[in-house]
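Notes for the one structure printed next.
Where a number appears in this text, it was derived from the coordinates with a stated rule and is not lab data. Model, not experiment: these values are computed from the prediction. Note that each Cβ is placed from the backbone with ideal geometry, even for glycine, and that neighbours are counted across all protein chains shown.
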């Protein structure tokens, strides 16, 4: 074997593992990046779901509070209106009774 042949064998022996390592490294990095991307996507989905849940809860509480306030207001207005109607009915009844009383008096 000549020196030149030995040099080729050594270069080939050293270059093959180095070339293999170089070619395999991006693949390993790509796999790791894809795994990280999926993991990050999962975390982002979880966070978005939490935010949505909190927003729904806040909206529900606001809706319940406003419904309660509206119901109380409607109750108060109905109560007020009922008192007003009862008062006017009583006044109207008195007025009608006075008119009828005048007509039922014997004529002197």
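Simple spin-label model, 7 Å along Cα-to-Cβ: residue 72 to residue 93 in nm?
3.3
Using a simple spin-label model with points 7 Å from Cα along the Cα→Cβ vector, what separation in nm is obtained for residue 9 and residue 38?
With each label placed 7 Å out from Cα toward Cβ, I get 4.6 nm.
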